[in-house]
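Take a look at the structure below.
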Amino acid sequence: MPKAPASPVPTAAVPALSPVPASFEAAQEELEQLVSRLESGQMPLEQLLTGYQRGAELLKFCRGKLEAVEDQIKVLDQGALKPWGQE
């Protein structure tokens, strides 16, 4: 007896790709709102996991933006990254 073809994975089980934030500030704002919702304790377990994953994406995005700015500052300061307020 032939096997039935495997059924496709339901679309609800496949996470959609999250949009890339428009800016550092937009990512930071979304991250702050997400943290507030996660800390509220009112989210179901599946949403907690999805929220945590999105938060990790946003954090990586923000870190990347900050590192890029830091690299630009190093170039402007001839390779030496100076602490803020030091002239």
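The values are calculated or read from the model by the stated rules, or taken from the named source; none is laboratory data. From a predicted model like this one, the values you see are computed outputs, not experimental measurements. Reconstructed Cβ throughout: ideal geometry from the backbone, glycine too, with neighbour counts over all protein chains shown.
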Q. Which members of region 36-50 meet the condition of being surrounded by 10 or more Cβ atoms within 10 Å (Cβ to Cβ) and at pLDDT 90 or above?
A. Arg37, Leu38, Gln47, Leu48, Leu49, Thr50
Q) Checking Glu57 against (1) surrounded by 13 or more Cβ atoms within 10 Å (Cβ to Cβ); (2) modelled with pLDDT under 95, which test does it fail? A) (2)
